[in-house]
1. Here is a list: LEU289, LEU299. Which entry is in a helix (DSSP H, G or I) and of a type in the set (A, V, I, L, M)?
2. Does ILE146 meet the test of being of a type in the set (A, V, I, L, M, F, W, C), within 16 Å of ligand 2 (Cβ to nearest atom) and open to solvent by less than 30 Å² (accessible area, probe 1.4 Å)?
3. Can you pull out every residue in the stretch 228-245 that is more than 8 Å from ligand 1 (Cβ to nearest atom) and farther than 14 Å from GLU11 by Cβ?
4. Considering every residue within the stretch 230-237, establish whether at least one is within 17 Å of PHE100 (Cβ to Cβ), polar (S, T, N, Q) and open to solvent by less than 70 Å² (accessible area, probe 1.4 Å).
5. All but one of (1) at pLDDT below 95; (2) away from ligand 2 (no atom under 15 Å from the Cβ) hold for PRO179; which doesn't?
6. Step by step: first the residues of the stretch 180-196, then only those that are more than 13 Å from LEU219 (Cβ to Cβ) and of a type outside the set (Gly, Ala, Ser), then the one that is surrounded by the most Cβ atoms within 10 Å (Cβ to Cβ). Which residue is that?
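The values are calculated or read from the model by the stated rules, or taken from the named source; none is laboratory data. As the structure is a computational prediction, the values presented were derived from the model and not from experiment. Glycine also receives a Cβ, built like all others from the backbone with ideal geometry; neighbour counts cover every protein chain displayed. When the accessible area is computed, the model is the full protein with side chains, heavy atoms only, and any ligands, DNA or RNA have been set aside. Shrake-Rupley method; radii C 1.70, N 1.55, O 1.52, S 1.80 Å.
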Amino acid sequence: MLSTQQINDFEAQGYLVLEQALTPKTLDAVIAEYTELLQSLCQSWVDQGLIDRSILQRSFVEQIKIITTSELDYFQPMDISLPLGQCQPDTPIHLGQAVFDMMRDPQLLAAVNCLIGPEITSNPIQHVRIKPPLKMVDGEENRAHIVRTDWHQDRAVALEQADKTRMVTTWIAITDATPDNGCLQVIPGSHRQAMLPHCPSSQLGIPESLLDLDKATPLPVKAGGAIIFHPLTVHCSLDNTSDHVRWSFDLRYNVTGDPTGRPKFPDFIVKSAANPAAELTSADAWARLWIKTRSNLCLPQEPTAFHRWDGSHEVCA
Ligand SMILES: O=C(O)CCC(=O)C(=O)O
Ligand SMILES: [Fe+2]
């Protein structure tokens, strides 16, 4: 539950920092599930002769660092979404019980309920972001799941059909997020303006010349906490200049019946006061939705538009 003060703050500023957003057992289960997942990925790479066997004796964080400096990629097999564009019928995706339980965490949904009401759909625009120290990352890497994220509004990442969708982003810290290790940054109050032009370059972002960067506010948050923000709130994340791995999930929720903005990906009713029987409560059923999506979408020569920006706006020149 949020206090009236918190709801008023969200409306005024376009974001809210919640110290404890997840129930502690949800956080522990996600960490355990990902530790096991990474160990099994490492085991399969060892079996294929792609990496030295000694990685199997290392911690999660050490494994991430070793993989970062190798030719291997941990991101997609650990992500909770398919890639935009170039997916294959066998593109890996992580659809585990602990992640599903996190999406349904009662404490998190109680907060979401206070902001968008009791008919809540899990929006499929969602990711895990496990960010290694920047100094370990290949200079060519520009994915916003591995390095810093450019300034943007989440509304702009969806299709236009969702421009009026009532939704929130919940950015969940699995490790402590600090200005040094790449926490989120927002421009308070920016949700009260219109959508700004976004330019597709190495990432999809708002040109900095359009922003009042003096107002940029880093939002540190401890593990198990979250930042909830409005779809027009301008935000980015900082470089991970620390020696530590910074880990978050971003999950989105919209009012059931409003367009998700990514119609080819599967949404589901996560909470309904009016019709609790409509709620999806099985992680297996959730996984089946994504597997079906993958077999329909990830076909050769199946280009799909995921956003509206073609770079032709004058500010992108
Ligand atoms: O964690 C990040 O780097 C950025 C996340 C983001 O843009 C979001 O959650 O909407
Ligand atoms: Fe975002």
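1. LEU289
2. Taking the combined requirement at face value, the residue satisfies it.
3. Matches in the stretch 228-245: VAL234, LEU238, ASP239, ASN240, THR241, SER242, ASP243, HIS244, VAL245.
4. Within the stretch 230-237, none of the residues are within 17 Å of PHE100 (Cβ to Cβ), polar (S, T, N, Q) and open to solvent by less than 70 Å² (accessible area, probe 1.4 Å).
5. The single condition PRO179 does not satisfy is (1).
6. Residue satisfying both the conditions and the ranking: HIS191.
A quick yes/no check of all residues on (1) open to solvent by 60 Å² or more (accessible area, probe 1.4 Å); (2) at pLDDT below 95; (3) in a loop (DSSP other than H, G, I, E, B); (4) of a type in the set (A, V, I, L, M):
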{"position": "LEU56", "(1), (2), (3), (4)": "no, no, no, yes"}
{"position": "GLN63", "(1), (2), (3), (4)": "no, no, no, no"}
{"position": "ILE66", "(1), (2), (3), (4)": "no, no, no, yes"}
{"position": "CYS87", "(1), (2), (3), (4)": "no, yes, yes, no"}
{"position": "ASP90", "(1), (2), (3), (4)": "yes, yes, yes, no"}
{"position": "VAL99", "(1), (2), (3), (4)": "no, no, no, yes"}
